[in-house]
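Here the structure comes first, spelled out in structure tokens, and everything after it is commentary.
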Amino acid sequence: MIDIAATLHDWVFKGWESIGRVVFVGILAYIGLLIFLRISGKRTLSKMNAFDLVITVALGSTFSTIIISRQTGLADGLTALALLVTLQYSVAWLSIRWPWFQRAIKSEPTLLFHQGQYLRLALRRERVAEGEVLAAIRSSGAARLEDVTAVVLETDGSFTVIQKGSQDSVTSLQNVQQPATGESYPTT
């Protein structure tokens with residue numbers, strides 16, 4: 001017969017050795033992660049694009065696995081963290097030096113709303129609802145659509161709202177993809 005009390009106790013408390021392992025490995029893994037992040041620089045945890053977000057989530061997941069999983073040793077986990085940080089650093093380094101590599105892994109910002117008009121083709125292609133654009137406009141502090149020059153879906157999935165009266169609003173749109181042509185917005 002199953003001893004329910006013993007089973008529940010085992011589910012809640014596995015013993016002091018297990019807690020000690022979590023504390024010991026957690027502290028060392030945290031120190032290791034801080035060292036890796038300090039060496040690799042600010043870009044490692046940036047939110048510049050979807051790839052950066054994936055790396056940030058993967059680092060968190062790996063860190064959690066190191067602490068909780070008894071099957072993952074500290075050395076294995078630190079190696080995995082170092083590998084992720086190194087890959088992120090390498091991709092960022094390559095994308096800065098080779099524009100074709102950057103185009104291959106990163107998307108361009110997309111214009112969704114321009115001078116009072118929703119750009120429906122761009123909305124459909126990016127799977128964004130008009131309500132989401134309106135929410136971005138409201139969160140920017142604009143009271144009316146007429147107060148907005150443009151709304152851009154950035155490479156990291158965030159919205160940028162450019163309000164009328166903003167200086168250099170045209171130049172800030174220069175690398176933004178136009179929905180009809182796929183070309184960048186003109187700078188003149």
Quiz item: Does region 101-112 contain any residue that is within 30 Å of residue 151 (Cα to Cα), touching a helix residue (DSSP H, G or I) at 6+ places or on another chain (Cβ under 8 Å) and open to solvent by 90 Å² or more (accessible area, probe 1.4 Å)?
Solution: no
Exercise. Go through region 1-25 and count every residue that is closer than 13 Å to residue 70 by Cβ and not hydroxyl-bearing (Ser, Thr, Tyr).
Key: 9
Exercise. Give region 14-39 a look and list any residue that's surrounded by 13 or more Cβ atoms within 10 Å (Cβ to Cβ) and either more than 29 Å from the chain's Cα centre (by Cα) or among the polar types (S, T, N, Q) (or both), or say none.
Key: 14, 21
Quiz item: Given the conditions (1) part of a helix (DSSP H, G or I); (2) open to solvent by 90 Å² or more (accessible area, probe 1.4 Å); (3) at pLDDT 85 or above, which single one is not true for residue 11?
Solution: (3)
Practice problem: Taking residue 88 as the residue in question, decide whether it is touching a Ser or Thr at 6+ places or on another chain (Cβ under 9 Å), surrounded by fewer than 15 Cβ atoms within 10 Å (Cβ to Cβ) and modelled with pLDDT of 85 or more. | Solution: no
Self-check item: region 103-138: number of residues that are in a helix (DSSP H, G or I) and either modelled with pLDDT of 90 or more or under 30 Å from residue 32 (Cβ atoms) (or both)
Solution: 17
Quiz item: Does residue 2 qualify as being in a helix (DSSP H, G or I), farther than 30 Å from residue 157 by Cα and not hydroxyl-bearing (Ser, Thr, Tyr)?
Solution: no
Quiz item: Just for region 56-69: of the residues that are more than 27 Å from residue 154 (Cβ to Cβ) and among the hydroxyl-bearing types (Ser, Thr, Tyr), which one is farthest from the chain's Cα centre (by Cα)?
Solution: 69
Exercise. State the number of residues belonging to region 40-62 that are open to solvent by 20 Å² or more (accessible area, probe 1.4 Å), without any contact (Cβ under 8 Å) to a residue 40 or more places away in the chain and of a type in the set (A, V, I, L, M).
Key: 4
Exercise. Test residue 53 against the stated conditions and say whether it is within 30 Å of residue 152 (Cβ to Cβ), in contact with a Ser or Thr (Cβ under 8 Å, 6 or more places away or on another chain) and either outside any helix (DSSP H, G or I) or not hydroxyl-bearing (Ser, Thr, Tyr) (or both).
Key: no
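The values are calculated or read from the model by the stated rules, or taken from the named source; none is laboratory data. Given the structure is predicted, the values throughout are model-derived calculations rather than measurements. A quick note on method: Cβ atoms are made from the backbone with ideal geometry, for glycine too, and the neighbour counts reach across all protein chains shown. To get the accessible areas, we keep the full protein, side chains included, count just its heavy atoms, and leave off ligands, DNA and RNA. Shrake-Rupley method; radii C 1.70, N 1.55, O 1.52, S 1.80 Å.
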